[in-house]
């Protein structure tokens, strides 16, 4: 490692240390070692491993700070890996010069409107750990092509756009573990198009990644998310989001987890997703899926969603089980916090425990709402004290509602119906449910829409 103070770096936060750090790279061994201090730079420190060979940036126990006082990333690491993750696809020069760049033990602070933290380009086996990046445009940005990345034990905090950003890149195999990713103004983790596979997000605290008015949708409302995958022009697949805390403050259009794929008749661009064991809530929506295929959602606790706990549109292969949903606010609030499925198929919702879900109006909607869905099973759920109704199906086919307890225990009850089926629904089955406590009919099922068997009406 090249000790940058030996190359003229002052580390006093005032001198421009850009040239000394570049000198250390050029004349040293390709790595940078920063002692305790504050190193002010005005342009990116570019570590081109095709020229320097093995690369590392190492601070002293978190006491080393880089002030980025210019545009672009403070640290840009460049490789030339063109293969896959398979060992035999690697070029010899990649193993000999470019593999396993590391960044550890430093803080990066943006002091320019266009300053960013770390950028990775065509790297492999990159490992970033024990870093703090704040007040940048993006904390960490991946572009072009990267393989086998690890981000761990770090803090991406108060960045102007995204904490971790996959920017239209070709990315396979990345582990994001044990980090604190919070207060980034548009998203904690954002993937935009590209070709992204094998993504594991586990054991992180991802919170308050929103800032009303910073990011706007085509309709003009602000949007933000803890985790936001936009694959409307790309692919994202083989994703695990597990054992994280994902929460925020209510933001119009905001979401804890948002995944959007392409509207296509072919294979879904967003697919093979597992969302398990997370605690998420205090946002406009908990989970929002559009054009996503083969999704497992299980073991999560979702609370206090201003609009919907779960919204799925044009999705298939949904396996949703053993989640807990709850609204903790007052019952006089506007309709909120339910599960809604629109044009979804080949799905199962099982073992749900939900209390005091308020979604719906006297005219339409329920704790669980299905619209234009087919081949959808709702079974073994506990829907307790729903404000408007328990389950509603509109224009649905071959759906099954079985073995559920849909009960309003309040005195007097407020739930209008336990189950309502209407519209052009047909060939549905409502069987062996325990239903109780409604101001109107417990079962409001239009003629010809469903077969009723073995239901117990209290």
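The values are calculated or read from the model by the stated rules, or taken from the named source; none is laboratory data. All values derive from a computational prediction rather than experimental measurement. Methodologically, a virtual Cβ is constructed for each residue, glycine included, from the backbone with ideal geometry; neighbour enumeration extends over all protein chains shown.
Considering the range 172-192 alone, what residues qualify as being over 21 Å from residue 59 (Cα atoms), touching a strand residue (DSSP E or B) at 6+ places or on another chain (Cβ under 7 Å) and in a loop (DSSP other than H, G, I, E, B)? Matches in the range 172-192: 183, 184, 186.
Answer yes or no: is there a residue in the range 201-214 that is touching a strand residue (DSSP E or B) at 6+ places or on another chain (Cβ under 6 Å), under 21 Å from residue 167 (Cβ atoms), modelled with pLDDT of 95 or more and surrounded by fewer than 24 Cβ atoms within 10 Å (Cβ to Cβ). No: the range 201-214 contains no residue that is touching a strand residue (DSSP E or B) at 6+ places or on another chain (Cβ under 6 Å), under 21 Å from residue 167 (Cβ atoms), modelled with pLDDT of 95 or more and surrounded by fewer than 24 Cβ atoms within 10 Å (Cβ to Cβ).
From 286, 234, grab the single residue that is crowded, with 24+ Cβ neighbours inside 10 Å and at pLDDT 90 or above. Show your work before the answer.
Details: 234 fails: crowded, with 24+ Cβ neighbours inside 10 Å.
Result of the check over 286, 234: 286.
Hey, among 106, 47, which residue is over 28 Å from the mean Cα position of the chain (by Cα) and closer than 26 Å to residue 161 by Cα? Even if it seems obvious, please write down each step before you answer.
On the way: 106 fails: over 28 Å from the mean Cα position of the chain (by Cα).
Being over 28 Å from the mean Cα position of the chain (by Cα) and closer than 26 Å to residue 161 by Cα holds for just one of 106, 47, which is 47.
Would you check which residues across the range 23-33 are part of a helix (DSSP H, G or I) and touching a strand residue (DSSP E or B) at 6+ places or on another chain (Cβ under 7 Å) and list them? Walk me through how you get there before you give the answer.
Filtering the range 23-33 down to residues part of a helix (DSSP H, G or I) leaves 23-27.
If the condition is that a residue be part of a helix (DSSP H, G or I) and touching a strand residue (DSSP E or B) at 6+ places or on another chain (Cβ under 7 Å), then 24, 25 are the ones that fit.
Checked against (1) surrounded by 24 or more Cβ atoms within 10 Å (Cβ to Cβ); (2) within 17 Å of residue 50 (Cβ to Cβ); (3) modelled with pLDDT of 95 or more, residue 108 passes all but a single condition, namely (2).
Please determine whether any residue of the range 9-18 is closer than 15 Å to residue 104 by Cα, surrounded by fewer than 19 Cβ atoms within 10 Å (Cβ to Cβ) and modelled with pLDDT of 90 or more. No; the residues of the range 9-18 include none that is closer than 15 Å to residue 104 by Cα, surrounded by fewer than 19 Cβ atoms within 10 Å (Cβ to Cβ) and modelled with pLDDT of 90 or more. Which residue is modelled with the lowest pLDDT, if the candidates are limited to the range 126-152 and must be surrounded by fewer than 21 Cβ atoms within 10 Å (Cβ to Cβ) and either touching a helix residue (DSSP H, G or I) at 6+ places or on another chain (Cβ under 9 Å) or in a strand (DSSP E or B) (or both)? Filtering first and then ranking leaves 148.
Sort through 321, 254, 299 and tell me the only one that's in contact with a strand residue (DSSP E or B) (Cβ under 8 Å, 6 or more places away or on another chain) and either in contact (Cβ under 8 Å) with a residue 60 or more places away in the chain or crowded, with 24+ Cβ neighbours inside 10 Å (or both).
On the way: 321 fails: either in contact (Cβ under 8 Å) with a residue 60 or more places away in the chain or crowded, with 24+ Cβ neighbours inside 10 Å (or both); 299 fails: either in contact (Cβ under 8 Å) with a residue 60 or more places away in the chain or crowded, with 24+ Cβ neighbours inside 10 Å (or both).
Exactly one residue qualifies, and that residue is 254.
Could you list all residues from the range 368-406 that are part of a loop (DSSP other than H, G, I, E, B) and modelled with pLDDT under 95?
First, the residues of the range 368-406 that are part of a loop (DSSP other than H, G, I, E, B): 372-373, 380-381, 385-388, 395-396, 398-399, 403-404.
Across the range 368-406, the qualifying residues are 385, 386, 387, 388.
For the range 153-171, filtering for residues that are closer than 15 Å to residue 225 by Cα and not in a loop (DSSP other than H, G, I, E, B) leaves 7. Test each condition in (1) surrounded by 22 or more Cβ atoms within 10 Å (Cβ to Cβ); (2) modelled with pLDDT of 95 or more for residue 438 and report the one that comes out false. Of the numbered conditions (1) surrounded by 22 or more Cβ atoms within 10 Å (Cβ to Cβ); (2) modelled with pLDDT of 95 or more, the odd one out for residue 438 is (2). Set side by side, the residues 37, 28, 62, 53 differ, and just one is closer than 16 Å to residue 131 by Cα and modelled with pLDDT under 90, which is 62.
Okay, residues lined up against (1) within 17 Å of residue 342 (Cα to Cα); (2) buried (at least 21 other Cβ atoms within 10 Å of the Cβ); (3) in contact with a helix residue (DSSP H, G or I) (Cβ under 7 Å, 6 or more places away or on another chain):
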{"position": "362", "(1), (2), (3)": "no, no, no"}
{"position": "398", "(1), (2), (3)": "yes, no, no"}
{"position": "409", "(1), (2), (3)": "no, no, no"}
{"position": "421", "(1), (2), (3)": "yes, yes, no"}
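Can you give me the number of residues within the range 34-54 that are farther than 16 Å from residue 108 by Cβ, in contact with a strand residue (DSSP E or B) (Cβ under 6 Å, 6 or more places away or on another chain) and crowded, with 19+ Cβ neighbours inside 10 Å? Total meeting the criteria: 0.
How many residues are within 21 Å of residue 377 (Cβ to Cβ) and outside any loop (DSSP other than H, G, I, E, B) when one looks only at the range 407-444?
Looking only at the range 407-444, we keep the residues that are within 21 Å of residue 377 (Cβ to Cβ), and these are 407, 417-435, 442-444.
Then drop every residue that is not outside any loop (DSSP other than H, G, I, E, B), which leaves 407, 417-422, 426, 428-431, 434-435, 443-444.
Adding up the residues that qualify gives 16.
Here residue 305 clears all of (1) outside any strand (DSSP E or B); (2) under 22 Å from residue 433 (Cβ atoms); (3) touching a strand residue (DSSP E or B) at 6+ places or on another chain (Cβ under 7 Å) except the condition numbered (2).
Can you find a residue that is under 22 Å from residue 453 (Cα atoms), without any contact (Cβ under 8 Å) to a residue 60 or more places away in the chain, assigned to a loop (DSSP other than H, G, I, E, B) and in contact with a strand residue (DSSP E or B) (Cβ under 7 Å, 6 or more places away or on another chain) anywhere in the range 326-340? No; the residues of the range 326-340 include none that is under 22 Å from residue 453 (Cα atoms), without any contact (Cβ under 8 Å) to a residue 60 or more places away in the chain, assigned to a loop (DSSP other than H, G, I, E, B) and in contact with a strand residue (DSSP E or B) (Cβ under 7 Å, 6 or more places away or on another chain).
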